[in-house]
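Engineer: Let me give you the structure first, and then I'll get to my questions.
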Amino acid sequence: MKGVQLGVWAIVMLVVGANPVGALPGQTTDEAAAWIQANPTLRPRTGEKFLVTKSDSAAQRFTFEASLLPPGRIKSSPNARIIRSEKLTLFDVQNGVTQNRLQESLRAIYGLEIFQDFDRAQPIYTYPSEATIQQAIAQGNPLVAALQGELRRGKLYAYWLEVAQTPEGLAYSGRVTVFLRADLDKIEAELRNR
């Protein structure tokens, strides 16, 4: 009997290992919690359930967060047991943060299928526009010009990639949010009106 149990466990591990995707927006909190705990890239510490943090030093941090809320302004969720968004954030003063690095982090956490959905996703909104940058500079609001981002609509999910740059053009912080396509119009409207 013990050999059968080990054989079944080996098959389960093979299936789970073959597909790193498991916790994605639209899944239950229980499914997301189990996936986060088993994800070899995230490697959560004891007590970390929906928020995983890593820090090599004060100058380097990584955060992964699964949320019941859509990105952007807080809005009530129709189902309190369904994950609506997952966000990974990088902060790295030593090496900087680029869009490519954020994309590679997305691939490492979610695997090839989600990375390809992101890569092939249609850009919906890119910011800031040149007019917005000039207006922000004229008004003395460098933060508006510093945030560079893009919303994308994939076949499976929607994606929001954002990098914050210093006035010198260096980026030390960035994030990628994977969320339900149903929430794309909401976040696009919020970004266009900020």
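Engineer: Being at pLDDT 95 or above, out of contact with any Leu (no Cβ under 9 Å at 6 or more places or on another chain) and either part of a helix (DSSP H, G or I) or of a type outside the set (S, T, N, Q) (or both) narrows it down to one residue among 116, 134; which is it?
Structural biologist: Numbers: 134 fails: at pLDDT 95 or above.
The match here is 116.
Engineer: While we're on this one: Checking residue 187 against (1) out of contact with any Ser or Thr (no Cβ under 9 Å at 6 or more places or on another chain); (2) assigned to a helix (DSSP H, G or I); (3) crowded, with 16+ Cβ neighbours inside 10 Å; (4) at pLDDT 95 or above, only one condition comes out false. Which one?
Structural biologist: Here residue 187 meets the rest and fails (1).
Engineer: Go through (1) exposed (fewer than 12 other Cβ atoms within 10 Å of the Cβ); (2) within 18 Å of residue 110 (Cβ to Cβ) and name the single condition residue 130 misses.
Structural biologist: With respect to (1) exposed (fewer than 12 other Cβ atoms within 10 Å of the Cβ); (2) within 18 Å of residue 110 (Cβ to Cβ), residue 130 is out only on (2).
Engineer: Condition (residue is within 25 Å of residue 154 (Cα to Cα) and out of contact with any strand residue (DSSP E or B) (no Cβ under 9 Å at 6 or more places or on another chain)) applied to segment 89-102: is it met by at least one residue?
Structural biologist: The answer is yes, given that some residue of segment 89-102 is within 25 Å of residue 154 (Cα to Cα) and out of contact with any strand residue (DSSP E or B) (no Cβ under 9 Å at 6 or more places or on another chain).
Engineer: When you check residue 88 against the structure, is it in a strand (DSSP E or B), closer than 30 Å to residue 31 by Cβ and in contact (Cβ under 8 Å) with a residue 24 or more places away in the chain, yes or no?
Structural biologist: Details: in a strand (DSSP E or B): yes; closer than 30 Å to residue 31 by Cβ: yes; in contact (Cβ under 8 Å) with a residue 24 or more places away in the chain: yes.
Spelling it out, residue 88 is indeed in a strand (DSSP E or B), closer than 30 Å to residue 31 by Cβ and in contact (Cβ under 8 Å) with a residue 24 or more places away in the chain.
Engineer: Within segment 50-68, take every residue that is within 16 Å of the chain's Cα centre (by Cα) and in a loop (DSSP other than H, G, I, E, B) and give me the one that is modelled with the highest pLDDT.
Structural biologist: My answer is 50.
Engineer: Just one of 64, 118 is touching an Asp or Glu at 6+ places or on another chain (Cβ under 9 Å), under 18 Å from residue 180 (Cα atoms), of a type in the set (Phe, Trp, Tyr) and in contact (Cβ under 8 Å) with a residue 24 or more places away in the chain; which is it?
Structural biologist: 64
Engineer: Find all pairs meeting these conditions: Cβ atoms under 7 angstrom apart; at least six residues apart or on different chains; first residue within segment 159-185 and more than 22 Å from residue 60 (Cβ to Cβ); second residue acidic (Asp, Glu) and modelled with pLDDT of 95 or more.
Structural biologist: Cβ pairs passing all conditions: 178/86.
Engineer: Is there a residue being surrounded by fewer than 17 Cβ atoms within 10 Å (Cβ to Cβ), touching a residue at least 40 places away in the same chain (Cβ under 8 Å) and β-branched (Val, Ile, Thr) anywhere in segment 96-107?
Structural biologist: yes
Engineer: Please determine whether any residue of segment 9-25 is under 20 Å from residue 187 (Cα atoms) and either assigned to a loop (DSSP other than H, G, I, E, B) or modelled with pLDDT of 95 or more (or both).
Structural biologist: Among the residues of segment 9-25, at least one is under 20 Å from residue 187 (Cα atoms) and either assigned to a loop (DSSP other than H, G, I, E, B) or modelled with pLDDT of 95 or more (or both), which makes the answer yes.
The values are calculated or read from the model by the stated rules, or taken from the named source; none is laboratory data. From a predicted model like this one, the values you see are computed outputs, not experimental measurements. FYI the Cβ positions are ideal-geometry reconstructions off the backbone, even for glycines, and counts take in every protein chain you see.
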